[in-house]
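Down below is the structure, laid out as structure tokens.
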Amino acid sequence: MSSGYIKLGDIAVYKMAVEISKIGWEIYEEFDWHTKKIIGDQFITSVDSFGANFVQHHSQLLHTNSNTL
């Protein structure tokens with residue numbers, strides 16, 4: 001039986017965020033130590049943060065919607 005909710009993995013924006021994160025990590029892994037410390041750490045944190053924030057927002061929407069039913 002369907003709950004009426006969209007699964008996170010079915011959302012196109014989430015799929016794009018996952019792919020961007022994968023690409024970001026591939027780029028980061030190629031940096032030398034110095035580049036990782038100058039720009040890489042900030043870059044990878046921001047890429048990962050986008051996906052995490054999206055998941056958190058999606059979770060809050062589900063919680064909010066379940067409380068209004």
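The values are calculated or read from the model by the stated rules, or taken from the named source; none is laboratory data. Keep in mind it's a predicted model, so treat the numbers as computed, not measured. Every residue, glycine as well, gets a Cβ built from its backbone with ideal geometry; the counts of neighbours run over all protein chains shown.
Summary table below
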| item | result |
| --- | --- |
| Residue match in segment 41-55 (condition: in contact with an Asp or Glu (Cβ under 9 Å, 6 or more places away or on another chain), among the small types (Gly, Ala, Ser) and modelled with pLDDT of 85 or more) | no |
| Looking only at segment 5-41, and only at residues there that are outside any helix (DSSP H, G or I) and among the β-branched types (Val, Ile, Thr), the one that is nearest to the chain's Cα centre (by Cα) | 11 |
